[in-house]
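Shown next, in structure tokens, is the structure this report addresses.
What follows is calculated from the coordinates using simple rules that are stated; it is not laboratory data. All of these numbers come straight from a predicted model, not from anything done at the bench. Glycine gets a Cβ as well: all are built from the backbone with ideal geometry, and neighbour counts include every protein chain shown.
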Amino acid sequence: MSLFLTGTDTGVGKTFTAVSLLRLGRAAGLRCAGMKPICCGDRHDAELLLAAGSEGLTVDEVNPIWLKTPAAPYSASMIEDVQIDVPLLLAGLTRLRERFEIVLVEGVGGWMVPIRQDYFVSDLAKEMGLPVVVVALNRLGCLNHTMLTVRSIAACGLKCAGIALNNADRSSDAACTTNAGILSDITGVPVLPDITSVTTELPAEWERILRASPLRQPSSYRTQV
């Protein structure tokens with residue numbers, strides 16, 4: 001019961017979606033953990049995931065790599081003159097999956113954000129071997145960004161388990177009211193309900209994809225180091 005959450009961009013609600021899932025999972029009696037493999041700038045996202053998950057975790061387990069520069073991981077690593085240790089991230093996920101029933105991995109920004117010169121968020125997701133949920137803001141313009149991301153996930157040989165449309169300002173314009181149907185028709189990927197304001201129980205659509213997620217452990221690190 002694990003998922004990789006990616007975004008169509010930064011600031012589209014990945015953390016709020018993950019936090020909501022963790023809280024609802026815990027309310028259902030499940031042991032849940034969030035993981036933010038890389039933080040750039042502050043550690044606020046990781047701290048929110050830590051607070052929403054089950055007890056027994058440290059912020060370093062939730063967020064194994066913390067770069068202080070608020071930029072893409074590749075940029076931040078060059079500025080700070082450090083190498084991003086991908087095997088450390090994969091090992092961290094393995095340990096979490098051994099201890100918790102649900103592990104939600106929140107990516108960094110969008111799907112093609114560079115982690116190293118020849119290694120992207122998409123490569124990390126592929127190594128982790130988890131189904132992917134695309135998080136997008138339900139607004140004018142999200143169709144293009146979402147469909148590009150869904151197609152890129154398929155090109156990587158990964159399963160896109162769902163599209164999470166967040167309606168941050170609860171808009172009801174023409175785009176917001178039609179985006180879900182268009183995305184479902186064109187991509188064939190289920191559009192999941194916005195759970196960022198759900199406080200009672202896990203919606204059936206979300207529970208279905210969580211229970212369908214595979215139990216394969218992360219692959220060994222095969223890219224050039």
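Assorted remarks:
- Pair Q117, R151: separation of 7 Å Cα→Cβ label points (nm): 2.9 nm
- Helix-only CD estimate at 222 nm, as mean residue ellipticity for the chain, using -39500 (n - 2.57) per DSSP H run (n ≥ 4): -12500 deg cm²/dmol
- Summing charges over neighbours of K14, with a neighbour being any other residue whose Cβ is under 14 Å away from its Cβ, gives -3 when K and R count +1 and D and E count -1.
- Potential extension, R95-W66 segment - 0.36 nm per residue separation minus Cα distance: 8.6 nm
- Whole-Hz ³J(HN,Hα) from phi, Karplus 6.51 cos²θ - 1.76 cosθ + 1.60, for the range 24-39, glycine and proline x: 5, x, 5, 4, 8, x, 9, 7, 10, 9, x, 9, 10, x, 9, 10
- Around the Cα centre of the chain, unit charges on the Cβ atoms of Lys, Arg, Asp and Glu (plus for the first two, minus for the last two) sum to a dipole of about 460 debye.
- Cα gyration tensor, the range 2-212 - rounded (a/c under 1.5), prolate or oblate: oblate
- Cα gyration tensor category, rounded, prolate or oblate, for the range 74-155 with a/c compared to 1.5: oblate
- Couplings 3J(HN,Hα) of the range 8-13, computed from phi: 6, 5, 7, x, 9, x Hz, in residue order, whole Hz [Karplus 6.51 cos²θ - 1.76 cosθ + 1.60, θ = phi - 60°; x for Gly and Pro].
- Extended-chain gain in nm, criterion 0.36 nm per residue less alpha-carbon gap, S172 and S75: 31.1 nm
- Summary of packing: across the peptides 14-21, 77-84, 47-54, 192-199, the per-residue average of other C-beta atoms within 10 Å ranks them, highest first, as 14-21, 47-54, 192-199, 77-84.
- Put simply, the amide H of V133, placed in the peptide plane, has neighbours under 5 Å in F4, L5, T6, A161, leaving out anything fewer than 5 places away on its chain.
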